[in-house]
1. Report, as a whole number in µm² per second, the diffusion coefficient that Stokes-Einstein gives for the range 161-251 at 37 °C and 0.692 mPa s using the Kirkwood radius over alpha carbon pairs.
2. Which FRET efficiency, nearest 0.05, do residue 143 and residue 196 yield, Cβ-Cβ r, R0 30 Å?
3. Rounded, prolate or oblate for the range 1-96? Axes are the square roots of the Cα gyration tensor eigenvalues, ordered a ≥ b ≥ c, and the cut-off for rounded is a/c under 1.5.
4. Round to the nearest 10 and give me the degree value, 0 to 90, for the angle of helix 150-162's Cα axis relative to the longest principal axis of the chain.
5. If you rank 234, 250, 97 by fewest surrounding Cβ atoms within 10 Å, what's the result?
6. Rounding to the nearest 20 debye, state how big the charge dipole of the chain is about its Cα centre with +1 on each Lys and Arg Cβ and -1 on each Asp and Glu Cβ.
7. Mind ranking 174-182, 33-41 by how tightly packed they are, going by the mean number of other C-beta atoms within 10 angstrom, highest first?
8. Sorting 73, 200 on the 10 Å Cβ count, fewest up front, what's the list?
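Bear in mind that the values in this text are calculations on the coordinates, not laboratory data. What you see is a predicted model; the values in this text were computed from it and never measured. As a convention, Cβ positions derive from the backbone with ideal geometry for all residues, glycine included, and neighbour counts pool all protein chains shown.
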Amino acid sequence: MSQKVRVRCFQLYYGTNHALKNIDLDLAENQVTALIGPSGCGKSTFLRSINRMNDMIKGVRTTGTIHIDGQNIYGEKVYLVELRKKVGMVFQQPHPFPLSIYDNVAYGPRLHGIRDKKRLDEIVERTLTEANLWDEVKDRLHRSALGMSGGQQQRLVLARVLAVQPEVILMDEPASALDPISTERLEELIMRLKDQYTIIIVTHNMQQAARVSDTAVFFLNGEIVESGPTDQIFTNPSDPRTEDYISGRFG
């Protein structure tokens, strides 16, 4: 199985705070990787490092490398707009734009120069279908996205990411604000999308990590304690700290 993301000796500092320490990790293409660990352990910081969202925070400094398809995304010739097209992100709270459902999905393609209405119509239908939302909204595409339910909004945000044809999708606690039925729909969607995309998800929900991921990575105090196939990490971890966290003894 080919590697999509390769991380070597990656470190990140917020000023004097050493937030990520010597991260070494290989992430396979077309798999779901769950990043698990207690609050403040570095999961979300690492996730945001994969599309350089941390660059927006004052005082951030990094060393080491993160390669995607062999290119070091921290190299000098990286164009951040292109990187974030290739590596899309879904956040904890859904934030649709105050526009119509159609215009939310068409926003990214238009930003990248697509103006032809027929092509935009095709992209909107394709990505809303991919996000398992088309049948629910096809008759109200030109109504405000703000009138949708929370679960629908999160799938709309995912459709907005898919519209620019990324290769990697980052998800930071995407189901934490959703009800159980919306969560189940989102999880089914994640498992279906991995055939086309490489997905990395941060979750505090151990059952969710076990259900949706192929690989699990356990973070603690800014370091990776253990990583491997999810079944192995959850049933036979090699480090007692992993077992303590998964069994609920801390975190």
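1. 231 µm²/s
2. The value I calculate is 0.60.
3. Rounded, since a/c falls under 1.5.
4. So the inclination is approximately 90 degrees.
5. Sorted ascending by nearby Cβ count, the order is 250, 97, 234.
6. Result for the chain is approximately 940 debye, rounded to the nearest 20.
7. 33-41, 174-182
8. The fewest-first ordering by Cβ neighbours comes to 73, 200.
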